[in-house]
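Notes to accompany the following structure.
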Amino acid sequence: MAGSKFAYVRNFELPDPLLQETYIVLRIDGHSFHRFSEDHEFAKPNDVRALQLMDEAASSVMETFTDITLAFGESDEFSFLFKRSTSVYNRRHAKILTSVVSQFTASYVFNWAKHFPGVNLKYPPSFDGRIVLYPTEKVVRDYFSWRQADTHINNLYNTAFWALVQEGKQTTAQAHEALRGTNSAQKNQLLFERFGVNYNSVPERMRKGSVIVREEVVNEDGSPDVGNKGKGGKKRVPTRVTVLHCDLIRDEFWRERPYILL
Ligand code: ATP
Ligand code: ATP
Ligand code: MG
Ligand code: MG
Ligand code: MG
Ligand code: MG
């Protein structure tokens, strides 16, 4: 098709390829969710409806982008790992980042009413996103360990903070002051001695965040369901997007799932 005399402007667009043979990690985070969570009366410290909605939006991203092998989420954020060899959108940075953030946001809004029945969405939520390239398996594992350690630190703090406010009838300023400079052991002790809460009995969803993987579909007799032949006659192993709330810092998690670091 012959271009118009205006078509030269296209040449101002610059290529933005992501380096080959590196792991693409894409993290999204809710914009001003401190305010959004108050405006929509999220339960504190953890509104389970909101966490499940995040999981559903992330699962929809994984259904759409089949080269994502792992996702991890907590609070208003989710991280996605692409397999090292992915050629999705020819590894164009902006195309990948905007498409994932848009799919996530659209799915969050699309599924809002299912998770928050009877609660009106007062305004459209939005998410930001960034991509970081990681060169080695070690640094990818350390990235996800960093996020899960963060989940633990935040959740222990928030559990103690909201116990002081909700049960202890302290103001938020007093609760902040009471927790200033305390270490994990002291927060655990405070929860147990003042509020009878054993932190280890807080649900794993809160303590570990959400880990989304692809699990093999297994037949009733335990054999893997290899399903129909895929494109090019290759046998395709069907996999199901599965949400877990487990430890991903330990070696076992990665040993059991070698496909994550393909
Ligand atoms: P920014 O736009 O800079 O990300 P933010 O207000 O979103 O600002 P974050 O550090 O991302 O700040 O923190 C998200 C906040 O959203 C949490 O501190 C918490 O107040 C709230 N939040 C997110 N998810 C939940 C949830 N499931 N239950 C209760 N509160 C939540
Ligand atoms: P890609 O994901 O590569 O952008 P695409 O299918 O979105 O693929 P585009 O070149 O962006 O391809 O074209 C958008 C197409 O969407 C149009 O060709 C047309 O078929 C359809 N479309 C968009 N807006 C309208 C509209 N208002 N009415 C009817 N069809 C529309
Ligand atoms: Mg942010
Ligand atoms: Mg945020
Ligand atoms: Mg956040
Ligand atoms: Mg289009």
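The values are calculated or read from the model by the stated rules, or taken from the named source; none is laboratory data. Given the structure is predicted, the values throughout are model-derived calculations rather than measurements. Note that each Cβ is placed from the backbone with ideal geometry, even for glycine, and that neighbours are counted across all protein chains shown.
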Suppose we keep only residues that are touching a residue at least 24 places away in the same chain (Cβ under 8 Å) and hydroxyl-bearing (Ser, Thr, Tyr) within the stretch 75-94. Which one would you say is surrounded by the fewest Cβ atoms within 10 Å (Cβ to Cβ)?
Ser85
Breaking point among (1) within 16 Å of ligand 3 (Cβ to nearest atom); (2) within 21 Å of Trp146 (Cβ to Cβ), for His34
(2)
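Residue by residue, here is whether (1) free of Cβ contacts under 8 Å to residues at least 60 places away in the same chain; (2) away from ligand 1 (no atom under 16 Å from the Cβ); (3) within 17 Å of the chain's Cα centre (by Cα); (4) more than 23 Å from Val202 (Cβ to Cβ) holds:
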residue	(1), (2), (3), (4)
Phe12	yes, yes, no, yes
Arg49	no, no, yes, no
Leu70	no, yes, yes, yes
Ile96	no, yes, yes, yes
Gln103	yes, yes, yes, yes
Among the residues that make up the stretch 14-24, is at least one of them surrounded by 14 or more Cβ atoms within 10 Å (Cβ to Cβ) and within 15 Å of ligand 4 (Cβ to nearest atom)?
no
Return a yes/no flag: does the stretch 23-33 have any residue that is outside any helix (DSSP H, G or I), acidic (Asp, Glu), more than 8 Å from ligand 1 (Cβ to nearest atom) and at pLDDT 95 or above.
no
Filter the stretch 121-133 for residues that are touching a helix residue (DSSP H, G or I) at 6+ places or on another chain (Cβ under 9 Å) and away from ligand 1 (no atom under 16 Å from the Cβ); the one that is farthest from Ser60 (Cα to Cα) is Val132
Taking the options Leu121, Leu133, name whichever one is in contact (Cβ under 8 Å) with a residue 12 or more places away in the chain, more than 16 Å from the chain's Cα centre (by Cα), more than 20 Å from Ile24 (Cβ to Cβ) and more than 16 Å from ligand 5 (Cβ to nearest atom).
Leu121
Do you know which residues across the stretch 43-91 are among the hydrophobic types (A, V, I, L, M, F, W, C) and part of a strand (DSSP E or B)?
Ile68, Leu70, Ala71, Phe72, Phe78, Phe80, Leu81, Phe82
Tell me yes or no: at least one residue of the stretch 119-127 is more than 16 Å from ligand 4 (Cβ to nearest atom) and surrounded by 15 or more Cβ atoms within 10 Å (Cβ to Cβ).
no
Just name the residue that is surrounded by the most Cβ atoms within 10 Å (Cβ to Cβ) out of those in the stretch 135-166 that are within 21 Å of Thr69 (Cα to Cα) and of a type in the set (A, V, I, L, M).
Val140
Please determine whether any residue of the stretch 235-243 is within 24 Å of Val61 (Cα to Cα), in contact with a strand residue (DSSP E or B) (Cβ under 9 Å, 6 or more places away or on another chain), part of a helix (DSSP H, G or I) and modelled with pLDDT of 95 or more.
no
Which residues, counting only those in the stretch 176-223, are touching a His at 6+ places or on another chain (Cβ under 7 Å) and among the basic types (Lys, Arg)?
Arg205, Arg207, Lys208
